[in-house]
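Read through the structure below, which is laid out as structure tokens, and then see the notes.
The values are calculated or read from the model by the stated rules, or taken from the named source; none is laboratory data. Everything quoted here is computed from the prediction, not taken from an experiment. Every residue, glycine as well, gets a Cβ built from its backbone with ideal geometry; the counts of neighbours run over all protein chains shown. Keep in mind that these areas ignore ligands, DNA and RNA; they rest on the heavy atoms of the full protein, side chains included. Shrake-Rupley method; radii C 1.70, N 1.55, O 1.52, S 1.80 Å.
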Amino acid sequence: MTDFIPFGITFIAGASYGFTTVLVGQPLDTIKTRMQGMPSTAKRSMMVVGKELFYREGVRGLYRGGLPLLLGGSLMRSAQFGVSGKARDVLRSSNLPQHMIWGMFDYQVVLAGLAGGLGRSVNREATVFMVGSRTIGTKKHA
């Protein structure tokens with residue numbers, strides 16, 4: 001049970017990172033998309049467009065379409081952090097020699113980071129496949 005706690009903490013940290021990214025970035029992305037998609041807003045500043053959007057649609061308008069990003073981002077980042085943390089722990093507990101790449105980079109950390117990226121990409125591709133399958137299954141073909 002005690003081995004699970006640090007492992008779980010890395011997953012929670014990753015999920016928090018994914019959550020925070022969407023929490024902070026989604027309103028900015030929504031405003032940018034409005035500015036790109038509506039010619040009437042192209043000449044106005046981001047602050048003006050954001051203020052108008054907030055007054056017209058409230059907080060819900062700023063976070064429109066953000067729930068899938070929130071869930072997906074949290075899931076992908078938790079997999080990335082969790083796999084990276086576990087790989088780092090396994091590499092550190094093994095009898096592999098300590099070595100620095102170019103005198104600056106711990107190769108075990110680099111390998112753990114690569115494992116985390118692989119964990120994230122596998123998770124992402126599975127998510128994209130599931131969303132794509134559901135989308136294709138619901139479309140009516142002509």
> Restricting the range 1-58 to residues that are of a type in the set (Phe, Trp, Tyr) and closer than 29 Å to SER84 by Cβ, which is modelled with the highest pLDDT?
Replying inline: PHE19
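This table checks each residue for (1) modelled with pLDDT under 55; (2) in a helix (DSSP H, G or I); (3) hydrophobic (A, V, I, L, M, F, W, C).
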site: SER84; (1), (2), (3): no, yes, no
site: PRO97; (1), (2), (3): no, no, no
site: GLY103; (1), (2), (3): no, no, no
site: ALA112; (1), (2), (3): no, yes, yes
site: SER121; (1), (2), (3): no, yes, no
site: ARG124; (1), (2), (3): no, yes, no
site: VAL131; (1), (2), (3): yes, yes, yes
site: ILE136; (1), (2), (3): yes, yes, yes
site: HIS141; (1), (2), (3): yes, no, no
> Since LYS51 meets every condition but one in (1) open to solvent by 90 Å² or more (accessible area, probe 1.4 Å); (2) assigned to a helix (DSSP H, G or I); (3) within 30 Å of ARG120 (Cα to Cα); (4) not β-branched (Val, Ile, Thr), which condition does it not meet?
Replying inline: (3)
> Does the range 79-97 hold any residues that are of a type in the set (S, T, N, Q) and surrounded by 13 or more Cβ atoms within 10 Å (Cβ to Cβ), and which are they?
Replying inline: GLN80, SER84
